[in-house]
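The values are calculated or read from the model by the stated rules, or taken from the named source; none is laboratory data. Note that the coordinates shown come from a computational prediction; the quantities given were computed from them, not determined experimentally. In this analysis, Cβ positions are derived from the backbone assuming ideal geometry, glycine residues included, and neighbour counts consider all displayed protein chains. The protein model used for the area step is the full one, side chains on, heavy atoms only, and it has no ligands, DNA or RNA in it. Shrake-Rupley method; radii C 1.70, N 1.55, O 1.52, S 1.80 Å.
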Amino acid sequence: MNKFIFTQALGSGVWQLTIQREAALNALSIQLLEELKSKLEAIAKDESIRVLIVRGSGEKAFVAGADILEMQNMTRSEAARFSRLGHEVCLLLEQMPKVTIAAVHGFALGGGMELALACDFILGSEKAQFGLPEVSLGVIPGFGGTIRLQRVVGGAIAKQLVFSGERIKAVEARDLGLIRQVIPQEGFFDYVGAVALKIAKHSLGAVIAAKKLMNEFEESVGIHPKVDAEVHRFSSLFEGSDQREGMAAFSEKRPPRFKGLN
Ligand code: HXC
């Protein structure tokens with residue numbers, strides 16, 4: 001029985017997966033990621049599913065990141081396992097023979113933005129906000145953000161966003177090519193359903209051939225060495241003091257006092 005992940009058939013092969021942990025703005029805990037992983041494994045094998053919409057529940061957030069309170073006291077090897085688990089989830093989304101759509105109607109931050117980036121594309125409402133604020137916590141993106149953001153917006157802009165940890169609103173996300181258009185909040189999920197349905201009506205074989213080709217073309221070097229490098233660099237930061245300080249500051253609702261070079 002899943003506590004955090006709910007799926008619903010919307011008809012014609014379109015399914016919706018909702019991440020439901022509203023009290024923590026749908027933050028990704030280990031348990032939540034494990035549930036998400038096993039649900040995605042089942043979806044990947046289910047021939048009746050053609051298009052998967054991924055969304056967060058509640059008014060405010062798609063997903064506000066990995067669970068900071070849970071990460072706060074992780075050891076380096078626990079952090080590496082956690083990063084690897086998030087990567088597994090993201091690779092499932094990216095590689096499954098289905099179309100995956102992230103429907104972002106609020107905050108998509110840190111691991112939440114990384115999850116959205118692992119989907120084939122993102123639809124964003126006017127209230128969507130994106131950001132990779134990990135450096136403000138003394139760490140770096142660890143679910144593929146350093147790899148996938150760069151693909152979409154290019155190296156220099158991705159670096160500016162990762163180094164500044166800044167949040168951007170829907171209009172800027174559109175200008176950067178992260179989303180195609182800004183959709184009104186009211187009726188947003190109906191719009192998402194209509195986009196999914198339009199895709200589901202086409203030949204799944206043709207759509208998935210295109211998905212595979214476009215992923216392979218982009219990934220001529222292969223994503224796995226990059227994943228290993230990100231897991232390594234993310235987890236190594238758990239041996240310094242800035243990660244503890246950054247995450248303690250978040251839980252104590254105060255600004256961090258970083259020492260500098262970790
Ligand atoms: C744990 C979180 C959380 C998170 C929010 N909450 N984000 N808990 N992990 N990522 C909790 C808050 O502690 C709070 O709990 C409740 O959700 C509501 O959040 P508020 O902060 O009160 O809401 P608001 O003032 O509206 O601010 C929204 C927000 C802020 C701007 C999104 O919550 C925020 O900055 N969250 C953290 C965003 C972030 O840094 N994400 C990246 C995480 S690192 P209480 O109990 O106080 O009500 C990451 C690494 C990925 O994702 C890679 C890992 C390998």
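Screening Glu172 with (1) open to solvent by 50 Å² or more (accessible area, probe 1.4 Å); (2) within 17 Å of Gly56 (Cβ to Cβ) gives one miss only, at (2).
Yes or no: segment 61-73 includes at least one residue that is more than 16 Å from the ligand (Cβ to nearest atom), open to solvent by 40 Å² or more (accessible area, probe 1.4 Å) and more than 18 Å from Ala116 (Cβ to Cβ). No, segment 61-73 has no match at all.
Pro97 meets the conditions (1) surrounded by 21 or more Cβ atoms within 10 Å (Cβ to Cβ); (2) more than 8 Å from the ligand (Cβ to nearest atom); (3) in contact (Cβ under 8 Å) with a residue 40 or more places away in the chain in every case but one. The failed one is (1). The residue of segment 120-129 that is farthest from the ligand (Cβ to nearest atom), among those that are open to solvent by 10 Å² or more (accessible area, probe 1.4 Å) and either more than 17 Å from Gln16 (Cβ to Cβ) or in contact with a helix residue (DSSP H, G or I) (Cβ under 6 Å, 6 or more places away or on another chain) (or both), is Leu123. Looking only at residues that are buried (at least 24 other Cβ atoms within 10 Å of the Cβ) and not hydrophobic (A, V, I, L, M, F, W, C) in segment 101-119, which one is farthest from the ligand (Cβ to nearest atom)? Result: His105. Tallying residues that are at pLDDT 85 or above and either over 16 Å from Thr146 (Cα atoms) or more than 20 Å from the chain's Cα centre (by Cα) (or both) within segment 213-230 yields 3.
If you go through segment 136-163 and pick out every residue that is open to solvent by 10 Å² or more (accessible area, probe 1.4 Å), over 16 Å from the mean Cα position of the chain (by Cα) and within 13 Å of the ligand (Cβ to nearest atom), you end up with 3.
Pairs linking a residue in segment 167-180 that is over 18 Å from Gly110 (Cα atoms) to a residue that is exposed (fewer than 15 other Cβ atoms within 10 Å of the Cβ) and of a type in the set (D, E, K, R), with Cβ atoms under 8 Å and 6 or more positions apart or on different chains, are Arg174/Arg180. Go through segment 15-31 and report how many residues are within 11 Å of the ligand (Cβ to nearest atom) and not in a loop (DSSP other than H, G, I, E, B). Adding up the residues that qualify gives 5.
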